[in-house]
Amino acid sequence: MIGIFDSGIGGLTVVRELLKQAPDASFIYLGDTARTPYGNKSPETVIRYALEDARFLLAHGASSIVVACNTASALASAALREAFPTVPVFEVITPAVEDAISVTKGRVGVIGTRATVTSGIYEKRLREKKEIEVVAAACPLLVPLVEEGWLDDSETKRIIRRYLSPLKQRNVDTLILGCTHYPLLAPLIQHAIGRRVKLIDSGASVVRRVLEHKARSTEHGALNTEHGAKTEKYFLTDLSARSGEIARKWLGRDIRFEKAELEIS
Ligand code: DGL
């Protein structure tokens, strides 16, 4: 079973891709809504939260972990791999970098949380592979707006325009949505940055990677832990009616969220 976590409901953008690409795959989702956002926390705190999230998923039967959060991917991937050496850990930065490199003409914008942008991981990884100009901007207000469900409000549009203005001035041709919450705002972001700019949402490619890995592992018998019917479970560390509404809108069906009790280290 695939374990997926995010600081909140943003990782449901990855779940949507999984449901599209492998409707029969079993998975368990955890959104750490009680402690969201992660993006303005210190690296130590994000690492601790990510380890607790992964431990919860593994205790509930996950055999691989998808870090459906750019902040945790940027800051905690190494710690997760070290803590759980036998568990495949998939992060969202590598697929986003590869997708951006395959389409850019040389000028890539990156938007993300403050923690992701401060980590400099996207600049580093993009420039490692190709001579690319990178313009990064932290957009700390967008995660709370998504968690609040303000997906098409005039205030949200104004804030997005303001955040994207420096990237627009630098004429980026590709824009990485470096936070899994942002695909929920994709129409507004596309409108603000302009139609000719290619948006990169790593959800689809991270899911492709997970499924390829799973197919290989199943062949070799290593990860074939799923027997019987498909299971699909959704946990949040704090339950709110709003999360249910947003999930319904985003996934196009009713989701029953259960309360997750994390083991705090
Ligand atoms: N979806 C998370 C990300 O991709 C949001 C982080 C946060 O909680 O600030 O970075």
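The values are calculated or read from the model by the stated rules, or taken from the named source; none is laboratory data. Here the structure is a predicted model, which means the values were calculated and not measured. Using ideal geometry, Cβ is built from the backbone for each residue, glycine included, and neighbour counts are taken over all protein chains shown. These accessible areas exclude ligands, DNA and RNA; they are computed on the full protein's heavy atoms, side chains included. Shrake-Rupley method; radii C 1.70, N 1.55, O 1.52, S 1.80 Å.
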Which listed residue is in contact (Cβ under 8 Å) with a residue 12 or more places away in the chain, of a type in the set (D, E) and more than 16 Å from the ligand (Cβ to nearest atom), from D32, D24:
D24
Can you go through R158, R107, R127 and tell me which one is over 16 Å from V46 (Cα atoms), away from the ligand (no atom under 14 Å from the Cβ), open to solvent by 70 Å² or more (accessible area, probe 1.4 Å) and at pLDDT below 95?
R127
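Looking at L185, L145, L141, L175 in this structure, which one is within 16 Å of the ligand (Cβ to nearest atom) and open to solvent by 60 Å² or more (accessible area, probe 1.4 Å)?
Among L185, L145, L141, L175, only L141 is within 16 Å of the ligand (Cβ to nearest atom) and open to solvent by 60 Å² or more (accessible area, probe 1.4 Å).
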Could you identify the single residue in P37, P23, P43 that is touching a Pro at 6+ places or on another chain (Cβ under 9 Å) and open to solvent by 30 Å² or more (accessible area, probe 1.4 Å)?
P37
